[in-house]
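Notes to accompany the following structure.
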Amino acid sequence: MAYLLRTLLFLMMVSILLTVSTAFGWLKFELGHIQMAIPAFLYTIFIQAFVMFYFIGVARLTKNIYSILSTEGNLEELFEQAPADLTPYKEKVVKFSQDADRCKRQTIPWTMLMLILGMIAFLLGGAHDTGMVAKTTHSGVVFGFIASMCIGFVRQWYYLGKSHTLLRQLKTLFSIPDGQM
């Protein structure tokens, strides 16, 4: 899943950079930057929601497993034959849970900032097109959006790798099939 999300993030960056390059006149297409911005930003909303829910899901899975271990109820969900001493499992799952929460905390604020600045830039672009806002106002917010997108992209890329590794280790520890959350 992390590889799919990384591919989608890369395509998001390419689509936004193509839109910006068209706006600056660096590239010439039949479509103007306004026509390119609409599907590019809709795609950005989609992929950011997808990435955000991936991190939320990984964190939730680790918390659910820790809850099962700490209450020692429904252990059959994790083990065919539950061991007598669950301490090593609890220690590992606490570490996994902390790492999953860290991944979520390090990426979701950038996702939200990216979406908010992108929406404001999109609306200010329409306001500029109708003559209600100066071009510099729209451009300034777009530059902020691009900066948050670049920082968010790097953080999401890095923490997708960390979450992917964490998820593999967690599933290996409890022999959970790859297709199951």
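The values are calculated or read from the model by the stated rules, or taken from the named source; none is laboratory data. Please read all numbers here as calculations on a predicted model, not as lab measurements. Note: ideal-geometry Cβ built from the backbone for every residue, glycine included; neighbour counts use all protein chains shown. Each accessible area value is taken on the protein alone, full model and side chains, heavy atoms only, with ligands, DNA and RNA left out. Shrake-Rupley method; radii C 1.70, N 1.55, O 1.52, S 1.80 Å.
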### Query
Got the relative contact order for the chain handy, in percent, Cα pairs under 8 Å and 6 or more residues apart?
26 percent
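Ignoring any ligand, DNA or RNA, what whole percent of the accessible area of the chain comes from carbon and sulfur when the probe is 1.4 angstrom? Please list the in-between numbers first.
Working: 6730 of 10370 Å².
On the chain, the fraction of accessible area on carbon and sulfur atoms equals 65 percent.
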### Query
Using alpha-carbon positions, what is the distance between the centroids of region 120-181 and region 30-98, in Å?
17 Å
### Message
With unit charges on the beta carbons (Lys and Arg positive, Asp and Glu negative) and the dipole taken about the Cα centre of region 1-132, which residue among G32, M1, T71 sits farthest to the positive side?
### Response
G32
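Please state the relative contact order of region 106-155 as a whole percent: Cα pairs under 8 Å, 6+ residues apart? Numbers along the way, then the final one.
Working: 35 pairs, mean separation 26.4, N = 50.
After rounding, I find 53 percent.
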### Query
How much area per residue is accessible in the chain when the probe is 1.4 Å and only protein heavy atoms are counted (Å²)?
57 Å²
### Task
Could you tally the net charge around R102, taking each other residue with its Cβ under 12 Å from the Cβ of R102, Lys/Arg +1 and Asp/Glu -1?
+3
### Task
Keeping to pairs on different chains or 8 or more places apart, tell me how many lysine pairs in the chain have Cα atoms under 21 Å apart.
19
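Which of the DSSP-defined H helices in the chain satisfy a minimum axial length of 20 Å, computed from C-alpha atoms, and a minimum mean Kyte-Doolittle hydropathy of 0.5? Before the final figure, lay out the partial values.
Working: long enough: 2-24 (33 Å, 1.87); 33-71 (55 Å, 1.14); 87-129 (62 Å, 0.04); 135-173 (55 Å, 0.28).
Membrane-span-like by this criterion, though nothing is claimed about a membrane: 2-24, 33-71.
Highest first, please rank the peptides 75-81, 18-24 by the mean number of other Cβ atoms sitting within 10 Å of their residues. List each step's numbers first, then the result.
Numbers: 75-81: 11.6, 18-24: 17.6.
Descending mean neighbour count gives 18-24, 75-81.
When the dipole is taken about the Cα centre of the chain, and only Lys, Arg (+1) and Asp, Glu (-1) are charged at their Cβ, what size is it in debye, to the nearest 20? Could the numbers behind the result be given before it?
Details: 15 positive and 11 negative charges, 104 e Å.
It works out to roughly 500 debye.
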### Correct option for Cα extents along the principal axes in Å [calculated from the coordinates] among [x] 71, 26, 21; [y] 58, 40, 39; [z] 69, 38, 25
[x]
### Task
Only helical DSSP H runs with n ≥ 4 go in: add -39500 (n - 2.57) per run for the chain, normalise by residue count and round the 222 nm mean residue ellipticity to 500 deg cm²/dmol.
-29000 deg cm²/dmol
